[in-house]
1. What are the residues in the range 12-21 that are more than 12 Å from the ligand (Cβ to nearest atom) and within 12 Å of the chain's Cα centre (by Cα), if any?
2. Across the range 22-41, what is the total count of residues that are surrounded by fewer than 14 Cβ atoms within 10 Å (Cβ to Cβ) and either in a loop (DSSP other than H, G, I, E, B) or within 8 Å of the ligand (Cβ to nearest atom) (or both)?
Amino acid sequence: MTEADDAAAERTPVGRAEDLPCDYCGGGPLVWRKCKLICLQCRQINKSCADL
Ligand SMILES: [Zn+2]
């Protein structure tokens, strides 16, 4: 009976954004550049630090 287990479960981080396919071309890879997650294939910005 510990509360630590529940707390840990709630703090499970969202999946790593760079592991997801690009929103625009569905490809990748996605890389973080200057606080922006950029697709190396189509150069679109998928996400920024502010979104996380
Ligand atoms: Zn792309």
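Each reported figure results from applying straightforward, stated rules to the coordinates on display, with no laboratory input. All of these numbers come straight from a predicted model, not from anything done at the bench. So basically every Cβ, Gly included, is an ideal-geometry build from the backbone, and we count neighbours across all protein chains shown.
1. Pro13, Val14, Gly15, Arg16, Ala17, Glu18, Asp19
2. Summing the residues that are surrounded by fewer than 14 Cβ atoms within 10 Å (Cβ to Cβ) and either in a loop (DSSP other than H, G, I, E, B) or within 8 Å of the ligand (Cβ to nearest atom) (or both) in the range 22-41 gives 8.
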